[in-house]
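J.: There's a structure below that I have some questions on.
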Amino acid sequence: MAKIIVEGNGPLNGKIKISGAKNAALPLICAGLLTADPFTLTNVPDLRDINTLLDLLKSFGAQTSFKDSTVKIDAKDITSTTAEYDLVSQMRASVLVLGPLVARFGKARVSLPGGCAIGSRPVDLHLSGLEALGAKIDLHEGYIEATAEDGLKGAHITFPKVSVGATENIMMAAVLAKGQTILSNAAREPEIVDLGECLKAMGAKIKGLGDDTIIIEGVDELHGCEHAVVADRIEAGTYMIAAAMTGGNVTITHCRPDHLDALITPMKLAGIMIETTADTINVERPKGQKIQAVDIMTEPYPGFPTDLQAQFMAMLTLSEGAGMVTETIFENRFMHVPELARMGAHINVHQASALVRGTDKLKGAQVMATDLRASVSLVLAGLVAEGKTHVNRIYHLERGYENLVDKLSACGAKLKRVND
């Protein structure tokens with residue numbers, strides 16, 4: 001089992017290049033199933049989840065390659081529409097093959113998904129959306145069996161709550177449905193917009209991207225295209241917080257500052273200096289400036305991202321005063337709290353809120369990574385802790401951060417990945 005050993009080593013200084021967004025690349029790879037033509041994605045991060053999903057596409061009979069941040073997919077000769085448990089159980093996003101398979105082939109058999117244990121995250125919104133488009137859904141022996149023998153038909157679907165995955169799945173299904181589909185209360189995340197722009201480049205007719213109402217006119221078929229994956233706003237935000245915590249001066253490059261307003265605003269309130277250009281963010285905590293406590297509440301985009309909540313909480317452990325962190329997206333996303341407490345953090349959790357009282361210093365300890373974002377929050381805490389922090393079970397971390405150790409080391413961090 002691999003782990004990362006981090007040693008507190010002062011400020012970070014330098015530049016960090018941001019990779020393509022994992023949360024955008026995964027649905028984009030699934031979109032490759034919608035066409036029989038060659039399909040190319042660039043700026044793809046080299047992560048465990050990406051390779052797992054490509055293995056899943058190969059199991060369908062698709063030809064895939066992944067080299068130098070470029071994924072090529074040829075799904076002309078699909079021989080199976082069954083997504084087996086052993087692959088789907090490794091990664092929740094595998095359920096995103098459901099919409100494309102049903103839309104193009106009229107059938108799919110997909111194992112119920114796995115992934116981080118941060119809440120129930122049921123797939124009911126995916127299934128009810130497909131049913132509204134005319135698919136017949138059965139759950140049998142742990143598999144979703146979806147069929148649409150006469151094809152899918154457009155419908156007006158109102159999501160009872162905002163769901164990124166359901167919006168993506170139904171978007172991909174609707175582009176090949178007959179007639180018009182309207183998605184109300186749709187997710188507005190940049191990753192949704194990126195998927196929509198790629199689908200449009202393939203010949204789909206979509207309006208309203210970035211709005212909570214998306215209108216899709218179905219087409220008979222899609223063609224191939226080449227599309228660059230949008231920059232990873234969560235990775236960028238993570239390194240912004242790392243710079244603030246260590247008191248460094250770091251320039252984040254190849255990023256989208258316009259996707260990070262919900263983080264930039266509270267960081268400025270916390271006393272962090274932030275300057276942006278079209279594709280860079282410079283983060284500096286002036287010498288002697290303490291981090292000021294602020295309150296945050298996670299919300300669907302454009303609100304504060306749940307995927308940056310754990311990292312922001314790690315920053316608040318060093319703040320002057322007390323800050324409240326309220327989690328509204330996932331019901332089980334405070335699993336990093338006991339691990340931060342092992343390092344000397346002062347955090348009290350009551351239901352969906354955590355009160356974080358700042359402390360002068362954290363201390364290195366043996367800690368356990370419980371999910372993707374929790375694990376990186378422990379690495380950030382280790383950057384400012386006295387002594388060494390051993391972040392164990394980094395399997396989840398490596399699902400979401402490309403070259404984390406190298407990128408932080410290049411800015412002066414002292415950390416290494418080791419195998420027990």
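J.: Kindly write out, for segment 18-35 in residue order, the coupling ³J(HN,Hα) from the Karplus curve 6.51 cos²θ - 1.76 cosθ + 1.60 (θ = phi - 60°), rounded to whole Hz, with x marking Gly and Pro.
T.: 8, 7, x, 6, 4, 5, 8, 5, 5, x, 5, 4, 4, 4, x, 6, 7, 9
J.: Find the relative contact order for the chain and round it to a whole percent, using C-alpha pairs within less than 8 Å whose residues are 6+ positions apart.
T.: For the chain, the relative contact order is 21 percent.
J.: Most mobile of Q63, Q351, Q180 per a Gaussian network model of the chain (Cα springs, under 10 Å)?
T.: Result: Q351 has the largest fluctuation of those listed.
J.: List the residues whose amide H sits under 5 Å from the amide H of A365, counting only those 5 or more places along or on another chain, with H placed 1.01 Å from N in the peptide plane.
T.: HN-HN under 5 Å from A365: T389, H390.
J.: Students often get this wrong, so check it: of K3/K388; K153/K205; K3/K58; K72/K200, which have C-alpha atoms separated by over 24 Å?
T.: On the way: K3/K388 12 Å; K153/K205 15 Å; K3/K58 30 Å; K72/K200 18 Å.
Cα-Cα > 24 Å for K3/K58; rest within.
J.: If packing is taken as the average count of other Cβ atoms within 10 Å, what order do 215-227, 131-143 fall into, highest mean first? Working shown, then result.
T.: Working: 215-227: 17.7, 131-143: 15.2.
Those peptides, ordered most packed to least, come out 215-227, 131-143.
J.: If packing is taken as the mean number of other Cβ atoms within 10 Å per residue, what is the order of 314-322, 342-350, highest first?
T.: Values: 314-322: 22.0, 342-350: 16.9.
Order by mean packing, descending: 314-322, 342-350.
J.: Go ahead and set up a Gaussian network model of the chain, Cα springs under 10 Å, then flag whichever of G248, G210, G179 fluctuates most.
T.: For the chain, modelled as a Gaussian network with Cα springs under 10 Å, the answer is G179.
J.: Something else about it: Convert each backbone phi in segment 155-160 into a coupling constant with the Karplus relation 6.51 cos²θ - 1.76 cosθ + 1.60 (shift: θ = phi - 60°), then list the ³J(HN,Hα) values in order as whole Hz, x for Gly and Pro.
T.: Result, rounded to whole Hz: 7, 9, 10, 10, 6, x.
J.: Could you grab the Rg to Rh ratio for segment 376-420? Cα atoms only, Kirkwood for Rh.
T.: A ratio of 0.92.
J.: Report the extension gain between D261 and H346 in nm, rounded to one decimal, defined as 0.36 nm multiplied by the number of residues separating them, less their alpha carbon distance.
T.: Answer, rounded to one decimal: 27.8 nm.
J.: Determine the gain in length on full extension of the stretch E149-E386; use 0.36 nm per residue of separation and subtract their C-alpha separation, reporting nm with one decimal.
T.: On the way: separation 237, 0.36 × 237 = 85.32 nm, distance 6.25 nm.
Using 0.36 nm per residue and subtracting the Cα-Cα distance, I get 79.1 nm.
J.: Send over the semi-axes of segment 22-228's equivalent ellipsoid, whole angstrom and largest first, taken as the square roots of 5 times the C-alpha gyration tensor eigenvalues.
T.: Ellipsoid half-lengths, sorted descending, are 22, 19, 17 Å.
J.: Is the shape of segment 243-297 rounded, prolate or oblate, going by the alpha carbon gyration tensor and its root eigenvalues a ≥ b ≥ c, with a/c under 1.5 for rounded and a/b larger than b/c for prolate?
T.: Cα axes put segment 243-297 in the oblate bin.
J.: With equal scatterers on the alpha carbons only and no solvent term, can you work out the Debye log10 of I(q)/I(0) for the chain at 0.07, 0.10, 0.14 1/Å?
T.: Debye output, listed in q order: -0.33, -0.67, -1.22.
J.: Residues with amide H under 5 Å of H346's amide H, sequence separation 5 or more or different chain, H placed in the peptide plane at 1.01 Å from N; which?
T.: R357
J.: Can you list residues from other chains, or at least 5 along the same chain, whose modelled amide H is less than 5 Å from the amide H of A83?
T.: Under 5 Å from the amide H of A83 lie the amide H atoms of R109, V110, S111, each far enough along the sequence or on another chain.
J.: Figure the gain on full extension for E299 and H140 (residue separation times 0.36 nm, minus the Cα-Cα span) and round it to one decimal in nm.
T.: Result for the pair: 53.8 nm of gain on full extension.
J.: In terms of the Cα gyration tensor, with a ≥ b ≥ c the square roots of its eigenvalues, is segment 117-275 rounded because a/c is under 1.5, prolate because a/b exceeds b/c, or oblate?
T.: prolate
J.: Taking 8 Å as the Cα distance limit and 6 or more residues as the minimum spacing, I'd like the relative contact order of segment 131-208 as a percentage.
T.: Normalised by residue count, the contact order of segment 131-208 is 28 percent.
J.: I would also like to ask the following. I want to check the label-to-label distance for K178 and K58. Put each point 7 Å from Cα in the C-beta direction and report it in nm to one decimal.
T.: 3.8 nm
J.: Still on this structure, please answer the following. For a bin width of 5 Å, list the pair-distance distribution of segment 38-96 built from all Cα-Cα distances, rounded to whole %.
T.: 4, 19, 28, 26, 17, 5
J.: Per residue, how much space in cubic angstrom lies within the convex hull of the C-alpha atoms of segment 165-205? Write down the numbers at each step before the final one.
T.: Details: hull volume 2.6 nm³, N = 41.
Once divided by residue count, the hull of segment 165-205 is 63 Å³.
J.: Give me a comma-separated list of calculated 3J(HN,Hα) values for segment 283-290, in order, Karplus coefficients 6.51, -1.76, 1.60 applied at θ = phi - 60°, integers in Hz, x for any Gly or Pro.
T.: Running phi through 6.51 cos²θ - 1.76 cosθ + 1.60 with θ = phi - 60° gives 10, 9, 9, x, 4, x, 7, 7 Hz.
J.: Let me ask you something else. About its Cα centre, how strong a charge dipole does the chain have in debye, to the nearest 20, once Lys and Arg get +1 and Asp and Glu get -1 at the Cβ? Write out the running numbers ahead of the final one.
T.: Working: 41 positive and 49 negative charges, 238 e Å.
Dipole magnitude for the chain comes out near 1140 debye.
Every number in this text was worked out from the coordinates using simple rules, so none of it is lab data. From a predicted model like this one, the values you see are computed outputs, not experimental measurements. A quick note on method: Cβ atoms are made from the backbone with ideal geometry, for glycine too, and the neighbour counts reach across all protein chains shown.
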